[in-house]
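Participant: Structure incoming, see below.
Here, each number is a calculation from the coordinates, and none is a lab measurement. Because the structure is a prediction, the values reported are computed rather than measured. Please note: Cβ atoms are built from the backbone with ideal geometry, for glycine as well, and neighbour counts cover all protein chains shown.
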Amino acid sequence: EYLNDDIRKAREFLAIAEWCFDNGHYNSCANRAYYSMFRAAFAALRKLVSPKMLPAKSSHKGLISIFTRELINRRKVFPRIFSNYLKYAADIRGQGDYRDDDVTERKARRSLKHAKEFLTKVEEVF
């Protein structure tokens, strides 16, 4: 049930990220692309690691750290580049949400591309 909710939300966030990109809303695109990856990563952790290892949903650094350690480095379920994707998306989301400078079209496109690849791979694993 939780897994389906996480994947459903990840898909929804990705669809909204695509809409935002297509309509020139690059800050919001970066935000939704990141949250698509965040929910997909959380779904993967829920499926593949002990519940005791799950970070709080509000712990972004914790999620990235545990995902990288457990599912990339230790178990090798996902490619190493996915750690970079998560970190990049988190940084770009932070730029769009909290900094004065806007996310560029190029950065939003890159974040969106990463989110699509990330969610596709997580869905393949399930």
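Participant: Give the residue that is nearest to K87 (Cα to Cα), with candidates limited to residues of the stretch 45-54 that are assigned to a loop (DSSP other than H, G, I, E, B) and in contact (Cβ under 8 Å) with a residue 12 or more places away in the chain. Full working, then the answer.
Facilitator: Let us first name the residues in the stretch 45-54 that are assigned to a loop (DSSP other than H, G, I, E, B), namely 49-50, 54.
Filter again for in contact (Cβ under 8 Å) with a residue 12 or more places away in the chain, leaving 49, 54.
On the way: V49: 21, L54: 18 Å.
Here the residue is L54.
Participant: Would it be correct to say that K87 is surrounded by fewer than 22 Cβ atoms within 10 Å (Cβ to Cβ) and closer than 15 Å to K107 by Cα? Quick ask: steps written out before the conclusion?
Facilitator: Details: surrounded by fewer than 22 Cβ atoms within 10 Å (Cβ to Cβ): yes; closer than 15 Å to K107 by Cα: yes.
Yes; evaluated as a whole, the condition is true for this residue.
Participant: A follow-up question, please. How about the stretch 60-112: which of its residues are among the basic types (K, R) and within 11 Å of the chain's Cα centre (by Cα)? Let's see the steps before the verdict.
Facilitator: Initially, the stretch 60-112 is screened for residues among the basic types (K, R), giving 61, 69, 74-76, 80, 87, 93, 99, 106-107, 109-110.
Selection gives K87, R93.
Participant: Here's another thing I want to ask about it. Can you tell me which residues in the stretch 77-112 are over 15 Å from R32 (Cβ atoms) and among the β-branched types (V, I, T)?
Facilitator: Those that are over 15 Å from R32 (Cβ atoms) and among the β-branched types (V, I, T): V77, I81, T104.
Participant: Of the residues that sit in the stretch 1-57 and are surrounded by 16 or more Cβ atoms within 10 Å (Cβ to Cβ) and polar (S, T, N, Q), which one is nearest to L119 (Cα to Cα)?
Facilitator: S36
Participant: Next question, about the same structure. Give the number of residues within the stretch 10-67 that are in contact with a Pro (Cβ under 9 Å, 6 or more places away or on another chain) and of a type in the set (G, A, S).
Facilitator: Residues flagged as in contact with a Pro (Cβ under 9 Å, 6 or more places away or on another chain) and of a type in the set (G, A, S) within the stretch 10-67 amount to 2.
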